[in-house]
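If you scroll down you'll find the structure; I have some questions about it.
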Amino acid sequence: MPGFNDAHLHLGGAAADELAVPLTGVPSPEEMQKRVAAAVAQHKKANGSPGGGWDHTLWPEKDFPIASSSTPSPPRNPVILTHISGPRRRGEIL
């Protein structure tokens, strides 16, 4: 579009979102666990499995997840799950 200038760009974040486990709208911790387990199974050992968009306010109990409820046991790969509000929030890294 001629004359349209946008100096604010999140290209790197958009690319990372495409590689992450989609967790937006996940209705329960159990569904989140299923999606994360499927992603971990697809990655080579020691390759991380990022995920983002989980929102505990959509869940029946409204509690933050804990590592033992969100990752397969024993974990093959590191897992980093980011809350829908973005990084640096209690419960972000599992």
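One line per residue, one yes/no per condition, for (1) more than 15 Å from D17 (Cβ to Cβ); (2) open to solvent by less than 80 Å² (accessible area, probe 1.4 Å); (3) modelled with pLDDT of 85 or more:
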site	(1), (2), (3)
T57	yes, yes, yes
P60	yes, no, yes
S70	yes, yes, no
G86	no, yes, no
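Can you find a residue that is open to solvent by 40 Å² or more (accessible area, probe 1.4 Å) and modelled with pLDDT under 80 anywhere in the stretch 19-35?
Checked against the condition, which is being open to solvent by 40 Å² or more (accessible area, probe 1.4 Å) and modelled with pLDDT under 80, the stretch 19-35 yields at least one hit.
The values are calculated or read from the model by the stated rules, or taken from the named source; none is laboratory data. All of these numbers come straight from a predicted model, not from anything done at the bench. For neighbour counting, all protein chains shown are included, and Cβ atoms are generated from backbone atoms with ideal geometry for every residue, glycine included. Heads up: the accessible areas ignore ligands, DNA and RNA and are worked out on the full protein's heavy atoms, side chains in. Shrake-Rupley method; radii C 1.70, N 1.55, O 1.52, S 1.80 Å.
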